[in-house]
Amino acid sequence: MNTTKKILVTGSSGLIGSEVVEYFSKLNWSVTGIDNNMRADFFGQAGDTRWNQKRLLTKYSNFSHLELDIRNRERVLSEIKQLKPDVIVHTAAQPSHDLAATRPFDDFDVNAVGTLNLLEAARRFCHDSTFIHMSTNKVYGDAPNELHLIEQETRWDYAEPSYSKGINENFRIDQSKHSLFGASKVAADIMVQEYGRYFGMPTCCLRGGCLTGPKHSGVELHGFLSYLIKCNLEEKKYSIFGYKGKQVRDNIHAFDVVCFIHEFIKAPRSAEVYNIGGGRNNSISILEAFKLIESISNIPMKYEYISECRQGDHICYISDLTKMLNDYPNWSITKDLKMIFHEIYEAWITTDRSVSK
């Protein structure tokens, strides 16, 4: 009897998806990836992830690729019925605020309807399999901007001591401006929780801060650190949108995300929600990021300042990791900001991201 664990990964050529593929391939799981390179459709050639798909197929014999659009309900149902995976890690998404406003049907169909397709397929054919959904901190909309902030020399920060560790999972998700992207991700997030509560399935929403790493095909509309470092290396002008460039994000390496996913798989819960990010120690503003990459590359950062802010954008967002650390004490952040910057820097210099058609 074959006892090899089976994991299905959507968005398997993307940043988090490919990290999941590598991690579990190395553990000798049977890994199936779903991806249709929609990122290239959304962001053009710079967002193309075929290079990553090709790399994974070449490197891991226990990884197989399914060319599948998660909006295709019948095929999603058919493939999951046949595969019956032990775990589903859902990372596929339309990830951009700005793009969602110009392609609202695509955004909602991918983020909300695609997630529903996967959940219902799991309920019908592998009810007890662990379902992990990569959600986003944008489910909180711009409500974090209502917090009292203090302006420091290079960043904004929370004024209230109760937010010293950041935003926790009890923060409200309604009555704020989300962007259409944030709204579609709210729909998916709530549905994942509901399948857990209503049908008793082991489900989890991971509300990501800035997820990053060397395998990110960063573009201006998505992939903060990857794109910023790429601009520096190419001596291309980076656009700062409002808030004096002092807006803050906490950054977590894709590897640390996947390590948490593994901890959850080993001890799953139902309808759980976690704010997953780098926490305060891995938080950085745009101005601070400029200084850090300049210290690594020795290339001055070129940038322009645009006073108009992006709608629904956070001024300061730091993930409070308390709940994650309490529930899964074997997990911790292993890669600090300097390590993350060095890895992305090295990847942009050395990785061949050309695509053989």
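The values are calculated or read from the model by the stated rules, or taken from the named source; none is laboratory data. Predicted model only: the values in this text are computed from it and were never measured. Backbone-built Cβ (ideal geometry, glycine too); neighbour counts: all protein chains shown.
Scanning the stretch 1-25 for residues that are under 16 Å from Gly213 (Cβ atoms) and not acidic (Asp, Glu) yields a count of 12. For the stretch 20-40, the set of residues classified as modelled with pLDDT of 95 or more and surrounded by fewer than 24 Cβ atoms within 10 Å (Cβ to Cβ) consists of Glu22, Tyr23, Ser25, Lys26, Leu27, Asn28, Trp29, Ser30, Thr32, Asn36, listed by residue number. Take the residues in the stretch 232-249 that are touching a Lys or Arg at 6+ places or on another chain (Cβ under 9 Å) and either assigned to a strand (DSSP E or B) or of a type in the set (A, V, I, L, M) (or both), then tell me which one is surrounded by the fewest Cβ atoms within 10 Å (Cβ to Cβ). Out of the qualifying residues, it is Phe241. Please count how many residues of the stretch 43-71 are free of Cβ contacts under 8 Å to residues at least 60 places away in the same chain and surrounded by 20 or more Cβ atoms within 10 Å (Cβ to Cβ). The qualifying residues number 3.
Each row is one residue, and each column tells you yes or no for (1) touching a Ser or Thr at 6+ places or on another chain (Cβ under 8 Å); (2) surrounded by fewer than 17 Cβ atoms within 10 Å (Cβ to Cβ).
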residue	(1), (2)
Val76	no, no
Asn137	yes, no
Tyr140	yes, no
Glu151	no, yes
Arg155	yes, no
Lys165	yes, yes
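Within the stretch 329-347, being assigned to a loop (DSSP other than H, G, I, E, B) and not polar (S, T, N, Q) holds for Pro329, Trp331, Ile333, Lys335, Asp336. Taking the conditions (1) part of a loop (DSSP other than H, G, I, E, B); (2) buried (at least 16 other Cβ atoms within 10 Å of the Cβ) in turn, Gln311 satisfies each one other than (2).
For the stretch 72-160, give me every one of the strands (runs of 3 or more DSSP E) that falls completely inside it and has 3 or more residues that are in contact with a strand residue (DSSP E or B) (Cβ under 7 Å, 6 or more places away or on another chain) and among the β-branched types (Val, Ile, Thr).
Output list reads 87-90, 130-136.
Among residues of the stretch 253-272 being touching a helix residue (DSSP H, G or I) at 6+ places or on another chain (Cβ under 7 Å) and of a type in the set (A, V, I, L, M, F, W, C), the one that is nearest to Asp86 (Cα to Cα) is Ile261. The lone criterion from (1) of a type in the set (Gly, Ala, Ser); (2) under 18 Å from the mean Cα position of the chain (by Cα); (3) surrounded by 21 or more Cβ atoms within 10 Å (Cβ to Cβ) left unmet by Ala122 is number (2). So which residues in the stretch 255-307 are in contact (Cβ under 8 Å) with a residue 12 or more places away in the chain, part of a helix (DSSP H, G or I), closer than 30 Å to Asn330 by Cα and not hydrophobic (A, V, I, L, M, F, W, C)? Selection gives Asp256, His262, Glu263, Arg280, Asn281, Asn282.
Is it the case that the stretch 188-209 has a residue that's among the β-branched types (Val, Ile, Thr), within 20 Å of His90 (Cα to Cα) and assigned to a helix (DSSP H, G or I)? Within the stretch 188-209, one or more residues are among the β-branched types (Val, Ile, Thr), within 20 Å of His90 (Cα to Cα) and assigned to a helix (DSSP H, G or I).
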